[in-house]
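Student: Can you read through this structure? Questions will come right after.
The values are calculated or read from the model by the stated rules, or taken from the named source; none is laboratory data. Just so it is clear, the model here is predicted, and its values are computed rather than measured. Heads up, the Cβs are rebuilt from the backbone with ideal geometry, glycines too, and the neighbour counts pull from every protein chain shown.
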Amino acid sequence: MKKVFIILTIAVSLTSISFTTINNQDKKPWPVPDNYKNMKNPVASSAESIAAGKELYATHCKSCHGTKGLGDGTKAAQLKTEPGDFSKADFQSQSDGAIFYKTSEGRDDMPSFKKKLPDADDRWSIVNYVRTLKK
């Protein structure tokens, strides 16, 4: 009986370690060039810009990031990387330029939106909209 308990304990521990490793890999750093970190949003955060950003978000972002930006969209479970939670302080503490860069360039499962949304002002409006998703 003791052997079974020890084997089960080891199996549970290894499973725990592998899940922790997978989750930590999902949170790998996403470096942003300094010129983007310091970039100011040229699109004023207005009702019009936020409405436009919300519409674009619903079309291009919601399926992975979810209606409220919690990372719980209908496609989120199919992704290799966690889509993140836009309502959390660590996301909201990023500069507008950093969010713009990540939206524009993409990485891994996150596509680049430079071609899908070639008008930079559209991507800046999405930045304005995701700012409204904070808790």
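For every residue, the table says whether it meets (1) of a type in the set (S, T, N, Q); (2) under 9 Å from the mean Cα position of the chain (by Cα); (3) not assigned by TED's automatic domain parsing to the domain that holds residue 126.
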site	(1), (2), (3)
52	no, no, no
59	yes, no, no
63	yes, no, no
81	yes, no, no
84	no, yes, no
88	no, no, no
108	no, no, no
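Student: Say we look at the range 79-135 and pick out the residues that are in a helix (DSSP H, G or I) and aromatic (Phe, Trp, Tyr); which of these is farthest from residue 33 (Cα to Cα)? Before the answer, list the steps.
Tutor: Within the range 79-135, the subset in a helix (DSSP H, G or I) is 89-92, 96-105, 120-133.
Imposing the further condition that a residue be aromatic (Phe, Trp, Tyr) reduces the set to 91, 100-101, 124, 129.
Working: 91: 17, 100: 11, 101: 8, 124: 17, 129: 23 Å.
So the residue we want is 129.
Student: Kindly indicate whether any position in the range 5-26 is at pLDDT below 95, within 25 Å of residue 119 (Cβ to Cβ) and of a type outside the set (Ser, Thr, Tyr). Steps first, answer last, please.
Tutor: Residues of the range 5-26 at pLDDT below 95: 5-26.
From what's left, within 25 Å of residue 119 (Cβ to Cβ): none.
Checking the range 5-26: not a single residue is at pLDDT below 95, within 25 Å of residue 119 (Cβ to Cβ) and of a type outside the set (Ser, Thr, Tyr).
Student: Checking the structure you have, find out if any residue of the range 82-97 is out of contact with any helix residue (DSSP H, G or I) (no Cβ under 7 Å at 6 or more places or on another chain), surrounded by fewer than 14 Cβ atoms within 10 Å (Cβ to Cβ) and small (Gly, Ala, Ser).
Tutor: yes
Student: Here is a list of conditions, (1) modelled with pLDDT of 95 or more; (2) out of contact with any Gly (no Cβ under 7 Å at 6 or more places or on another chain), and residue 86 meets all of them except one; can you say which number that is?
Tutor: (2)
Student: Looking only at the range 95-109, how many residues end up being modelled with pLDDT of 95 or more and either within 18 Å of residue 68 (Cα to Cα) or acidic (Asp, Glu) (or both)?
Tutor: So the answer is 4.
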